[in-house]
Amino acid sequence: MWCLIRAIIAMGCLGATILPATGPRPSLADDAVMAFAVISAPPKDRTRLVAKVVLEGTVSDLELLASDHILSNLIWKNLEICHALKLEGWKVQDGFRVSSVRVIEGAMLPMVLQGYVGDCLLKKALEIAPFAD
């Protein structure tokens, strides 16, 4: 009998220590959303990048806001104009808060951004390597 009571108390103590460590499950509104983006301006400040972003099928000009763990990411440090990105994060008042980033091929972007990335790459190629005889 005492063994059963001790086991129940031990399980209760274990549950009480695990719950605060994991926290309650966040609601669906707090979950990160997936977005696709193309860097539309040369990066000046790595904490805020200007990009064309597709969220839920609509394209908008947003600032990509990097958190500390994203700033130390090697991918983020080497971003340039016209790079295509797959992002996870949250839409905030200032822009889009990035929690995860991947560089992807332009053909992997949604159709609404593929034309933009193509034009951007052509413009970039003409500015960097002008016509030569």
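Computed from the coordinates by the stated procedures, all read-outs in this text should not be read as laboratory data. Computed from a predicted model, the values in this text were never measured in an experiment. Note that each Cβ is placed from the backbone with ideal geometry, even for glycine, and that neighbours are counted across all protein chains shown.
Could you put Asp119, Asp68 in order, starting from the residue whose Cβ has the fewest other Cβ atoms within 10 Å?
On the way: Asp119 11, Asp68 7.
By the 10 Å Cβ count, ascending: Asp68, Asp119.
When Lys52, Lys44, Lys91, Lys77 are ordered from fewest to most other Cβ atoms inside 10 Å of their Cβ, what list results?
Listed from fewest to most nearby Cβ atoms, that is Lys44, Lys77, Lys91, Lys52.
If you take all C-alpha pairs in the stretch 28-128, what percent of them are over 24 Å apart?
Value for the stretch 28-128: 16 percent of Cα pairs lie more than 24 Å apart.
Please arrange Trp76, Trp90 by counting, for each residue, the other beta carbons lying within 10 Å of its beta carbon, fewest first.
Working: Trp76 20, Trp90 15.
Listed from fewest to most nearby Cβ atoms, that is Trp90, Trp76.
What is the extension gain from Ser72 to Asp94, computed as 0.36 nm multiplied by their sequence separation minus the C-alpha to C-alpha distance, in nm to one decimal?
5.8 nm
Amide H to amide H, which residues 5 or more places from Ile104 or on other chains are under 5 Å from it, using H placed in the peptide plane?
Residues meeting the amide H criterion: Ala84, Leu85, Lys86.
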